[in-house]
Amino acid sequence: MHRYRTHYSTEIKPEDDGKEVRVAGWVQDIRNLGSIAFLILRDRKGTLQVTLFKKEHPFFEKVVSLPRESVVSIMGKCKANEKVRNGYEIIPEEIEILSTSEKPLPLGVVDKVGVEFDTRLDNRFIDLRKPEVQAIFKIRDVVIDTAREFLREEGFIEVHTPKIVASCSEGGTNLFEIKYFDRKAFLSQSPQLYKQMLMATGLDRVFEIAWYFRAEEHNTRRHLNESTAIDVEMAFISNEEDVMHILELLVQNIWKRVKECEEELSLLGKDIKIPNIPFPRMKYTDLVEMLKERGMEVTWGDDFGSREEREIGKIMEEKGNEMYFITEYPLDCKPFYTMPKDDNLSRSFDLGCKGMEIASGSQRIHDVNLLMERLKANGLNPKDFEDYLKAFRYGMPPHGGFGLGIERLLMALLDLANIRECILFPRDRTRLHP
Ligand code: 4AD
Ligand code: MG
């Protein structure tokens with residue numbers, strides 16, 4: 001095994017002409033012309049050409065017969081060559097075969113033939129060898145890094161709350177039940193109850209990169225059964241506007257940072273438009289009227305479905321906005337912890353992007369009596385929420401927060417048609433493997 005760090009394809013330049021380099025990666029392709037062969041080696045940064053001569057290289061036959069996608073480590077000399085794509089080639093001195101691939105490949109890495117999405121997901125480890133697929137996850141990393149950096153700068157600390165829980169927060173129908181020794185428990189739908197309880201501790205501003213487990217029966221392009229989110233909760237707010245402001249700043253920062261990922265964006269053929277702040281605020285009630293004017297049948301009091309969401313996206317696009325808040329939903333559309341506002345409305349908001357919800361948030365109720373009233377109004381039993389309610393009895397400041405779906409955000413940011421593109425190993429109604 002070559003013991004030293006290898007060079008990445010992008011680190012080698014024609015100026016390194018004559019220098020010794022070590023490279024390692026996957027054999028993407030081999031073109032054998034008889035006396036000369038070209039091996040295209042792929043690493044995490046790109047590809048490079050390794051040129052082999054039958055007369056000079058004793059390992060020639062062994063290498064040209066390697067199946068595609070085998071892994072090799074090569075020590076050789078860089079040689080400037082204008083005819084090669086990168087402006088240089090590698091003339092090998094030593095080739096070590098680290099892993100030989102089986103044949104045929106379940107999925108091609110560079111083949112241009114279209115394959116079913118399910119075939120890609122069934123063979124995700126190979127699918128992820130494609131630069132354009134990797135680009136999504138490199139951008140995902142930048143999204144999360146930006147969120148962490150921005151939120152810490154704003155005084156938030158990162159926390160982790162239990163994922164095995166005893167009660168629901170977002171409504172009881174879509175919970176995964178699990179056996180917890182001799183008791184019943186659930187997988188957490190959201191850190192909601194815990195992040196609120198933390199507001200009673202003096203930690204004031206917290207965030208969590210959280211897992212959501214939701215037993216949604218429907219298989220759609222925008223739902224997963226296991227998804228991730230950036231969850232935020234903040235205390236001593238005046239109202240939901242304080243929360244919305246943090247959210248719009250966070251999203252604008254993410255869009256700005258991702259715009260700098262030129263290489264990844266060009267692989268995805270994507271241009272990013274940075275949204276201006278403040279994002280427009282559209283009241284639920286006004287949107288219902290606008291949808292009616294456009295001939296849609298909507299009833300005040302019903303939550304917007306994906307059809308309405310798409311139409312709202314069009315309305316906003318006509319005004320030149322990709323990003324917008326929908327505010328003041330009817331109280332009954334929102335979970336029990338949402339702060340009421342006059343006229344059966346609530347201090348809630350959704351963040352929409354191009355016709356799809358990417359975040360939901362609100363000011364929360366901090367008065368324990370009102371909270372118990374709202375639990376009952378939602379058909380829930382306050383007894384099941386005693387741990388949570390206790391945190392409201394001994395000094396709870398006004399607070400609010402939001403949950404921003406990471407896969408939804410990426411889907412909107414990169415205009416991807418299916419949410420499954422945005423998570424490594426998706427879990428949906430039918431998929432539990434790999
Ligand atoms: O709108 P949701 O259900 O809100 C909450 O969970 C609240 N506790 C948030 C809060 O702080 N008030 O979920 C928040 C976001 C959604 O807007 C969406 O982006 C994402 O999480 N999300 C999902 N993404 C993919 N598949 C699913 N099944 C999702 N459920 C929620
Ligand atoms: Mg929501």
Within region 118-130, the count of residues that are open to solvent by 10 Å² or more (accessible area, probe 1.4 Å), over 17 Å from the mean Cα position of the chain (by Cα) and of a type outside the set (Lys, Arg) comes to 5
When region 146-183 is checked residue by residue, the ones that are among the acidic types (Asp, Glu), part of a strand (DSSP E or B) and under 22 Å from the mean Cα position of the chain (by Cα) are Glu158
List the pairs whose first member sits in region 396-425 and is more than 30 Å from Val368 (Cβ to Cβ), whose second member is of a type in the set (Gly, Ala, Ser) and more than 14 Å from ligand 2 (Cβ to nearest atom), and whose Cβ atoms are under 9 Å apart, counting only residues at least 6 apart or on separate chains? Ile406/Ala147; Met411/Ala417; Ala412/Gly355; Leu414/Ala135
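Conditions tested, residue by residue: (1) among the small types (Gly, Ala, Ser); (2) open to solvent by less than 20 Å² (accessible area, probe 1.4 Å); (3) without any contact (Cβ under 8 Å) to a residue 12 or more places away in the chain; (4) not in a loop (DSSP other than H, G, I, E, B).
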site: Arg221; (1), (2), (3), (4): no, no, no, no
site: Lys256; (1), (2), (3), (4): no, no, no, yes
site: Glu264; (1), (2), (3), (4): no, no, no, yes
site: Ile272; (1), (2), (3), (4): no, yes, no, no
site: Ile277; (1), (2), (3), (4): no, no, no, no
site: Val288; (1), (2), (3), (4): no, yes, no, yes
site: Asp302; (1), (2), (3), (4): no, no, no, no
site: Glu311; (1), (2), (3), (4): no, no, no, yes
site: Glu317; (1), (2), (3), (4): no, no, no, yes
Test Gly355 against the criterion of being closer than 28 Å to Lys314 by Cβ, out of contact with any strand residue (DSSP E or B) (no Cβ under 8 Å at 6 or more places or on another chain) and among the small types (Gly, Ala, Ser), and give yes or no. yes
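Quick one: is Ala359 more than 20 Å from Val298 (Cβ to Cβ), more than 13 Å from ligand 1 (Cβ to nearest atom) and at pLDDT 95 or above?
Judged against the criteria, Ala359 is not a match.
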Quick one: in region 337-354, which of the residues that are in contact with a Gly (Cβ under 9 Å, 6 or more places away or on another chain), of a type outside the set (D, E, K, R) and within 13 Å of ligand 1 (Cβ to nearest atom) is nearest to Leu380 (Cα to Cα)? Met339
Could you tell me whether Pro330 is under 28 Å from Arg310 (Cβ atoms), of a type outside the set (A, V, I, L, M) and surrounded by fewer than 20 Cβ atoms within 10 Å (Cβ to Cβ)? yes
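Consider Thr285 carefully, then state whether it is within 16 Å of ligand 2 (Cβ to nearest atom) and among the hydroxyl-bearing types (Ser, Thr, Tyr).
It is false that Thr285 is within 16 Å of ligand 2 (Cβ to nearest atom) and among the hydroxyl-bearing types (Ser, Thr, Tyr).
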For region 376-416, how many residues meet the condition of being within 15 Å of ligand 1 (Cβ to nearest atom) and either assigned to a helix (DSSP H, G or I) or hydroxyl-bearing (Ser, Thr, Tyr) (or both)? 10
How many residues does region 28-76 hold that are outside any loop (DSSP other than H, G, I, E, B), touching a residue at least 60 places away in the same chain (Cβ under 8 Å) and either within 22 Å of Ala135 (Cα to Cα) or of a type in the set (A, V, I, L, M, F, W, C) (or both)? 5
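The values are calculated or read from the model by the stated rules, or taken from the named source; none is laboratory data. Computed from a prediction, not measured in an experiment: that's the story for all the values here. Glycine also receives a Cβ, built like all others from the backbone with ideal geometry; neighbour counts cover every protein chain displayed. The accessibility values were calculated without ligands, DNA or RNA, using every heavy atom of the protein model including side chains. Shrake-Rupley method; radii C 1.70, N 1.55, O 1.52, S 1.80 Å.
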